[in-house]
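**Student:** If you scroll down you'll find the structure; I have some questions about it.
The values are calculated or read from the model by the stated rules, or taken from the named source; none is laboratory data. This one's a predicted model, so the numbers in the text were calculated from it and none came from an experiment. Note that each Cβ is placed from the backbone with ideal geometry, even for glycine, and that neighbours are counted across all protein chains shown. Accessible surface is based on the protein model in full, side chains and every heavy atom, while ligands, DNA and RNA are left aside. Shrake-Rupley method; radii C 1.70, N 1.55, O 1.52, S 1.80 Å.
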Amino acid sequence: MKTAWLLRPETVAVHDDPEPRPGPGEVMLRTELAGICGTDVSFYLGHRVVPYPFVLGHEVIGRVAALGDGVTKFMIGQRVLVEPNYPCLSCRLCLSGRGAVCAQKGSPGVNLPGCFSEYFNAPAEFVWLLPDAISGQDAATIEPLAVSQHGFNRSGAKAGDTVAVLGCGVVGLLLIHSAVAAGVRVIAHDRFVNKLEMARSLGAEIPEQNADAAQMWQKENVTCVFECAGSPATVDLAMKAAPRASRVILLGLSSEPATFSPLRLVREGIEIRTSMIYDHPKDFACVIEKVARGVLRPSCVVTHTYPLESLGRALARAGTGEAGKIHIKIP
Ligand SMILES: [Zn+2]
Ligand SMILES: [Zn+2]
């Protein structure tokens, strides 16, 4: 089987490896379409390190090719989607419904082999049957949609509210898509004009250039500010400009320190919440159902598709920050 290996930062090579077999309780997928995520890009660029050589990738759909011992809920040939974070399901956090932050969580493409390969094994517990109504492009974009929908749910925003989204990368754009579908008005911010155009096409409003965020959000009664860019500058802006009594939801993964004034946040009643991936199993169940009904169509953020052989070029393209979601077609 063809597998794309990250040999060192910015170097990917496709090798022919022996076909794997599913372990007990696992489903083996013949992969069809996989998405590139910001996490893959940070490993590719060397901002985060993995033990090389390593297989990246975690957003994947495919067909069931083999079943490990004890797996009875799938049949060979069925079209499936992987929920690519495996909380242990037995620790204190998992038992209290906080599996998203389980310390023993397994994550393909991060601390387990990833999916940029012709075959991929996943625990049956985290494999979802795809309804026929869902297209391949939509299905392969359900995982990032679940991240955004979870962030939207954490905000408590409801129909008729106005919210601001900082950063129109894939998570920001899908958050806009989820919010607009829920009847929420969105003001979108990004430094790239093409990203703002995508945000506008999804129903967001774009402020005038150089508009003062604090003044505008105050005037427009913004109740939630979503930080989806993951840069210290946007975290600072969210903390400084969030209106009185609003909620700041942090989804971006910035490792740089950011600053805030406790006096302002406390005195003006500003609440900060974080949102990490999704809760198993309810978020995937909810998002798959919304996509199957046509309420959400996450393929709206896909801008490029590359073959597996061109994974390196695709990762470099994703690293520019200008593309939307990039898909990898396998084989
Ligand atoms: Zn991802
Ligand atoms: Zn756990």
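**Student:** For the chain, set up a Gaussian network in which alpha carbons nearer than 10 Å are linked by springs, and say which option among Gly109, Gly97, Gly62 fluctuates the most.
**Tutor:** Fluctuation is largest for Gly97.
**Student:** If you don't mind, there's one more thing I want to ask. Label Glu309 and Val49 with points 7 Å out from Cα along Cα→Cβ: what is the distance between them in nm?
**Tutor:** 3.3
**Student:** Which whole-number percent is the relative contact order of the chain (Cα, under 8 Å, 6+ apart)? Spell out each step's value before the answer.
**Tutor:** Details: 736 pairs, mean separation 63.4, N = 331.
It comes to 19 percent, rounded to a whole number.
**Student:** Kindly state, as a whole number, the per residue volume in cubic angstrom of the convex hull around the alpha carbon atoms of segment 1-123. Don't skip to the end; give the middle numbers.
**Tutor:** Working: hull volume 13.6 nm³, N = 123.
Measuring per residue, one finds 111 Å³ for the Cα hull of segment 1-123.
**Student:** Ranked highest first by the average count of other Cβ atoms within 10 Å around their residues, in what order do 164-176, 183-195, 114-126 fall?
**Tutor:** Details: 164-176: 28.3, 183-195: 19.1, 114-126: 23.8.
Answer by packing, highest mean first, reads 164-176, 114-126, 183-195.
**Student:** Still on this structure: Place the peptides 20-26, 40-46 in order of packing, highest mean first, counting for every residue the other Cβ atoms within 10 Å and averaging per peptide. Write down the numbers at each step before the final one.
**Tutor:** Numbers: 20-26: 15.7, 40-46: 19.7.
So the order, starting with the most tightly packed, is 40-46, 20-26.
**Student:** Residue-wise, which Karplus ³J(HN,Hα) couplings in Hz belong to segment 90-106, taking 6.51 cos²θ - 1.76 cosθ + 1.60, θ = phi - 60°, and x for glycine or proline?
**Tutor:** 10, 7, 4, 5, 4, 5, 9, x, 10, x, 4, 10, 4, 6, 9, 4, x
**Student:** Moving to a separate point now. Once you wrap a convex hull around the alpha carbon atoms of segment 200-331, what is its projected area averaged over all directions, in nm²?
**Tutor:** Values: hull surface 44.0 nm².
Approximately 11.0 nm², given one-decimal rounding.
**Student:** A follow-up question, please. Given N residues in the chain, what is Rg(Cα) / (2.2 N^0.38 Å)?
**Tutor:** Numbers: Rg = 19.9 Å, N = 331, 2.2 N^0.38 = 20.0 Å.
Against the compact-globule rule of thumb, the ratio is 1.00.
**Student:** For Arg21 and Asn194, what is the calculated FRET efficiency with R₀ set at 45 Å and r taken between the beta-carbons, to the nearest 0.05?
**Tutor:** Details: r = 44 Å, r/R0 = 0.98.
According to the calculation, E is roughly 0.55.
**Student:** Based on the alpha carbons, how large is the Rg to Rh ratio for segment 168-242 when Rh follows Kirkwood? Walk me through the numbers before you get to the answer.
**Tutor:** On the way: Rg = 11.5 Å, Rh = 12.5 Å.
Looking at segment 168-242, the ratio lands at 0.92.
**Student:** Subtracting the Cα-Cα distance from 0.36 nm times the residue separation, let me have the gained length for Leu112 to Ala292 in nm, one decimal. Write down the numbers at each step before the final one.
**Tutor:** Details: separation 180, 0.36 × 180 = 64.80 nm, distance 2.95 nm.
Contour length minus the Cα-Cα distance gives 61.9 nm.
**Student:** Next question. Give the carbon-plus-sulfur fraction of the accessible surface of segment 210-331 in %, rounded to a whole number; probe 1.4 Å, heavy atoms of protein chains only. Each step should come with its number before you reach the end.
**Tutor:** On the way: 3220 of 6060 Å².
Answer for segment 210-331 is 53 percent, counting heavy atoms of protein chains only.
**Student:** Let me ask something else about it. Compute from the Cα atoms of segment 203-271 the Rg and the Dmax, the latter being the longest Cα-Cα distance, and quote both in angstrom.
**Tutor:** 11.9, 35
**Student:** Can you sort Glu197, Glu220, Glu143 by 1.4 Å-probe accessible area, starting with the largest? Numbers along the way, then the final one.
**Tutor:** Details: Glu197 90, Glu220 50, Glu143 10 Å².
Output order, biggest surface exposure first: Glu197, Glu220, Glu143.
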